[in-house]
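Structure record follows, encoded as structure tokens.
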Amino acid sequence: MKKEEKSVIIDALAEQLKQNSHFYLADASGLNAENTTKLRRICFEKKVKMLVVKNTLLRKALEQNNFEGVELMNALEGPTAVMFTEVGNVPAKLIKEFSAKYGKPVLKGAYVQECLYVGAETLTELVNIKSREELLGDIVGMLLAPVRNIVSGLQERAEKLADENKLISERPE
């Protein structure tokens, strides 16, 4: 590969890193063509962009973006697939489900919500990370809970008053 071609690839990877706030590194080697196609299809359906890259080119793209995750840089050995995503836990769930059936891919590391995760043992932790939308939903739910209780109490009181008024109006004089 010529130097110009490498430069274009490095720039494209650096741009992908800028555009996506989360990325995963995985080893998908050893999958046959059929299973690799299945993995790519699932990635596409879940809006995860998967690229198989040369470690040196990815390392240079990370350096170009001033990435300082030395631990993750050290994970760049052997075959590497990069998974770019907008939702932090989607690739973790995908890796967990797919590897349960086919034995691969294996998580090498991830950069999610400005935190580094290195090694396959961090997969469960990554699966349990909530997305921004899930966190907002939890916050809204917590904020609305007291309001719901008040509204529920008022409705119960209004129903009791209505029942009492009905009994009073039906009572013979």
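The values are calculated or read from the model by the stated rules, or taken from the named source; none is laboratory data. Owing to the predicted nature of the structure, the values given are computational and were not obtained by experimental measurement. All Cβ positions, even for glycine, are placed from backbone atoms using ideal geometry, and neighbour counts span all protein chains on display. These accessible areas exclude ligands, DNA and RNA; they are computed on the full protein's heavy atoms, side chains included. Shrake-Rupley method; radii C 1.70, N 1.55, O 1.52, S 1.80 Å.
Key figures for this structure:
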read-out	value
Percent carbon-and-sulfur accessible area, the chain, ignoring ligands, DNA and RNA, probe 1.4 Å	55 percent
Inter-probe distance in nm under a simple model that places probes 7 Å from Cα toward Cβ, at Q19 and N128	3.3 nm
Within-11-Å neighbourhood charge of G141 [Cβ basis; K, R +1; D, E -1]	-1
Where the Cα pairs of the chain fall when distances are cut into 10 Å bins, in %	9, 30, 25, 10, 7, 7, 6, 4, 2, 0, 0
Approximate spin-label separation K101-D138, in nm, with each point projected 7 Å along Cα-to-Cβ	2.9 nm
Values of log10 I(q)/I(0), in the order q = 0.15, 0.16, 0.20, 0.26 Å⁻¹, for segment 89-173 under a Debye, Cα-only, solvent-free model	-0.71, -0.76, -0.92, -1.16
Cβ-Cβ FRET estimate between R148 and R41, R0 fixed at 35 Å, reported to 0.05	0.25
Nearest-10 value in Å² for the accessible area of Y102, using the 1.4 Å probe	80 Å²
Distance between modelled label sites at K160 and Q113, nm, 7 Å Cα→Cβ extension	4.2 nm
Efficiency of FRET from Cβ geometry, S29 and K93, R₀ 22 Å, rounded to 0.05	0.55
Anchor K108: lysines whose Cα lies under 19 Å away (excluding residues fewer than 8 positions away in-chain)	K49, K54, K60, K93, K96
Accessible area (Å², 1.4 Å probe, nearest 10) - E4	120 Å²
Distance from segment 32-68 to segment 125-165 (C-alpha centre basis), Å	41 Å
Under 13 Å, Cβ to Cβ, from L72 - net charge with Lys/Arg +1 and Asp/Glu -1	-3
Charge sum, other residues only, whose C-beta stays under 10 Å from A81's C-beta, Lys/Arg counted +1 and Asp/Glu -1	+2
Percent RCO, i.e. relative contact order, over the chain, from Cα pairs under 8 Å lying at least 6 residues apart	27 percent
Solvent-accessible area per residue for the chain (1.4 angstrom probe, square angstrom)	66 Å²
Dipole of segment 1-130, positive direction: furthest Cα of F23, T37, N55, with charges on the beta-carbon	T37
